[in-house]
1. In segment 32-84, which residues are open to solvent by 30 Å² or more (accessible area, probe 1.4 Å), hydroxyl-bearing (Ser, Thr, Tyr) and within 25 Å of LEU217 (Cβ to Cβ)?
2. Name the residue that is nearest to SER141 (Cα to Cα), counting only residues in segment 118-127 that are touching a residue at least 60 places away in the same chain (Cβ under 8 Å) and touching a helix residue (DSSP H, G or I) at 6+ places or on another chain (Cβ under 9 Å).
3. Tell me which residues, restricted to segment 215-231, are in contact with a Ser or Thr (Cβ under 8 Å, 6 or more places away or on another chain) and among the acidic types (Asp, Glu).
4. Report yes if some residue within segment 86-103 is within 25 Å of ASN215 (Cα to Cα) and of a type in the set (A, V, I, L, M); otherwise report no.
5. Restricting to segment 190-216, give me the number of residues that are away from the ligand (no atom under 13 Å from the Cβ) and not acidic (Asp, Glu).
6. Out of (1) more than 15 Å from the ligand (Cβ to nearest atom); (2) open to solvent by less than 40 Å² (accessible area, probe 1.4 Å), the odd one out for LEU14 is which?
7. Identify all residues within segment 208-225 that are small (Gly, Ala, Ser) and under 22 Å from GLN184 (Cβ atoms); write none if there are none.
Amino acid sequence: MKQIVANWRHVFKLDPDKYIDTLALDTVCLSGTDAIMVGGSSGVTYENTEDLLNRLRKYDLPCALEVSNLESVVPGFDLYMVPMVLNTASTTWLIGQHVNGVEQFGFMIPWDKIISEGYIVLNQDCTAAKVSEAKTLLHSSEVCAYAQVAERLLHMPIVYLEYSGRFGDLDIVADVKRTLDETQLFYGGGITNALQAQQVAALCDTVVVGNIIYNNLDAAISTVEAVKNSK
Ligand code: 1GP
C-alpha cells in the first residue's frame, strides 16, 4: 500500500454525504488526479459510502476509503486509510476506536490493504477537530514534534496536516516537511484555486482537495494541473 500511495501528488477527496452528479464525477475522475479518497467527518453511512464506491468503480483510478467510523467500512476499496489523531485530547481518536474495530472485526480485516495516517488536525472550527477533541492551537515546533513522533517512534507511513475547510499556515507545512525524512506528508484544507494548490504542492508530498469540488468544480479541476506542474 505504501508504494501505491507514494506516487500520489494530487488527490480529490469525495464526501459520501454530499451530492455529486454524474457529469461532475466524470470530470473529477478524468481530471488527471492520482487517486480518489472517500471520507467525511459527519453523515457518512454504509449506504452512501457503498453508493459512491459503486459509481467510482468504472474509473481507472485508485480508490481509498478513509475510515471515519466502523459502521461505514464498505468492502471493495483498493485501500483503507485509517486516521489516528495524534493531537487529540482523547485516546479514543488516537487508538480507542481502532482497538474496538480490531477486536470486533479483526478476523475479516484485509491488512494488506490498510495504511495508517498520523493525523494532525489544525483548524479548530472543523468538524474533525470537534469530533476528535483535537488540540489545534499549536506552535510550529509542537506540530513538528507530533510529526517526528509519527515518523521516528510510531514509524507511520503518512502524516496528514488536516486544515479541513481553512487554508493552512504554509510556514508550519514547510517546517513539518523539513522534519520528515521518509514519512509522506499529506496536506488537506481550504484549497480553492490553482495558486494555493501550487503553493502547498511545493511544500508537501500529497495535496488533498475536497470541498471546492462541490462549490466550484472548475476551480477544483484547475488544482490538478497546478500540482502536477509544481516541483
Ligand atoms: C478534508 O483535507 C481534506 O478532509 C480537504 O479539505 O475540504 O477543505 O479541501 P477541504
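1. SER41, SER42, THR45, SER68, listed by residue number.
2. The selected residue is LEU122.
3. Those that are in contact with a Ser or Thr (Cβ under 8 Å, 6 or more places away or on another chain) and among the acidic types (Asp, Glu): none in segment 215-231.
4. The answer is no, given that none of the residues of segment 86-103 is within 25 Å of ASN215 (Cα to Cα) and of a type in the set (A, V, I, L, M).
5. 7
6. (1) is the only condition that LEU14 fails.
7. The one that is small (Gly, Ala, Ser) and under 22 Å from GLN184 (Cβ atoms): GLY210.
A quick yes/no check of all residues on (1) within 13 Å of the ligand (Cβ to nearest atom); (2) under 21 Å from VAL209 (Cβ atoms); (3) under 15 Å from the mean Cα position of the chain (by Cα); (4) in a strand (DSSP E or B):
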site	(1), (2), (3), (4)
MET37	yes, yes, yes, yes
GLU47	no, no, no, no
LEU52	no, yes, no, no
ASP60	no, yes, no, no
ALA64	yes, yes, yes, yes
SER68	yes, yes, yes, no
GLY76	no, no, no, no
TYR80	no, yes, yes, yes
PRO83	yes, yes, yes, yes
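The values are calculated or read from the model by the stated rules, or taken from the named source; none is laboratory data. Model, not experiment: these values are computed from the prediction. As a convention, Cβ positions derive from the backbone with ideal geometry for all residues, glycine included, and neighbour counts pool all protein chains shown. For accessibility, only protein heavy atoms count, side chains too; no ligands or nucleic acids. Shrake-Rupley method; radii C 1.70, N 1.55, O 1.52, S 1.80 Å.
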